[in-house]
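Contents: one structure, followed by commentary.
The values are calculated or read from the model by the stated rules, or taken from the named source; none is laboratory data. Being a predicted model, the structure only gives us computed values, none of them experimental. Counting neighbours? That spans all protein chains shown, and the Cβs are built from the backbone with ideal geometry, glycine included.
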Amino acid sequence: MYKVFCFFAAMISIPHKSKQLSVFIIKLLIVITAFYFIYNQLANNDQLDWKKFLVLYKKNQSVAGISFILFFSFFNRFLEILKWQNLAQVVKSISVKEATKQVLAALTLGVFTPVGVGEYAGKALYFEKKETKKIIFLNLLCNGIQIVATGFFGIIGMLILGYWLWSLGIILITIVFVLISFLTKKIKIKEYSVESLLARINEIPRKIHTKNLILGFCRYIVFSHQYYFLFLAFDVNLPYTTLMATITTVYFLASIIPSFQFLDFALKGSLAVYFFGLLGVNEWIIIFVTALMWFLNVALPVIIGSYYVLRFKISKPLISDSLP
């Protein structure tokens, strides 16, 4: 952390032209790295049989079908943009256009960082330095509601599939965790406590929380059904309830395992192969559907977000010029 601090301090002391060049090089490296991870996932994965995919694509290709699937990706990301616009108004009101820029640029920064921490820094850069803690907290709420939705539907899916012991165990652990949190809510760790966290949450108007909740659950329903319709496009004919329950179970289990965004495809793929394999779905179809979900909902937004990363301008220093 100290080395990072010194790095930014040094950037402030160098001439303006040199600083501009340094910032441009950093942005370019971020974009190149993001593109490399996308290429590496798609080009160097031995499990992806492109010949089989092309045969099935030629058999079922349809402009209406492709447009239908792409619409889900657009709507999924648009709901995320509306979520962020809704929460960001706690600091200042922003337009849908501005929210789009912040969400996509932050996604690009978060794609190769552990558990997407770069996303938090990416959004914070668009606001005053004094608002950094608020923006990080709001982003936690933005992502937190997706975790809640994933857990809610995931538990239902596991119960439908008959994983009663797993489901009850997870519910019990959650209840115990919540009880311990409330019993120790006044205990501070580095000046933070559960009580102070709840107080900060309560400072935000209820209508903002309600809208965040609705948009988060709607977004979950959108991308989980995109997964469902992709399986149908690959001629997987399973009962709706069984297929959706397996999808929600895979997403839930993947969400509780910390990983890098660029490893998300591999993690969900391995879990999907196991659970869908139990239903008799061909492994190559599972891998391809998972890969398409990753490409449509992560890779494509990252490619667009790279444009905003390259255009980002630091109008204010990240560290005060009055540093000793």
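Taking Leu168 as meeting all but one of (1) touching an Asp or Glu at 6+ places or on another chain (Cβ under 7 Å); (2) without any contact (Cβ under 8 Å) to a residue 12 or more places away in the chain, write down the number of the exception.
(1)
Kindly list the number of the only condition in (1) modelled with pLDDT under 85; (2) assigned to a loop (DSSP other than H, G, I, E, B); (3) buried (at least 19 other Cβ atoms within 10 Å of the Cβ) that fails for Val281.
(1)
Out of the range 163-221, which residues are within 30 Å of Phe275 (Cβ to Cβ), of a type in the set (S, T, N, Q) and at pLDDT below 85?
none
Considering each residue of the range 66-101, count those that are over 12 Å from Val298 (Cα atoms) and in contact (Cβ under 8 Å) with a residue 40 or more places away in the chain, and give that number. It would help to see each step written out before you state the result.
Our first condition is that a residue be over 12 Å from Val298 (Cα atoms); within the range 66-101, this holds for 66-72, 75, 78-101.
Adding the requirement that they be in contact (Cβ under 8 Å) with a residue 40 or more places away in the chain leaves 68-70, 72, 75, 79-80, 82-84, 86-91, 101.
Residues in the range 66-101 being over 12 Å from Val298 (Cα atoms) and in contact (Cβ under 8 Å) with a residue 40 or more places away in the chain: 17 in total.
Under the condition of being assigned to a loop (DSSP other than H, G, I, E, B) and closer than 14 Å to Thr150 by Cα, which residue from the range 222-270 is modelled with the lowest pLDDT?
Across the range 222-270, the extreme among qualifying residues is Ile257.
Kindly check whether there is at least one residue in the range 116-131 that is of a type in the set (Ser, Thr, Tyr), modelled with pLDDT of 90 or more and closer than 25 Å to Arg206 by Cβ.
No, the conditions are met nowhere in the range 116-131.
Just need a number here: residues in the range 298-315 that are part of a helix (DSSP H, G or I) and touching a Lys or Arg at 6+ places or on another chain (Cβ under 7 Å).
Count: 4.
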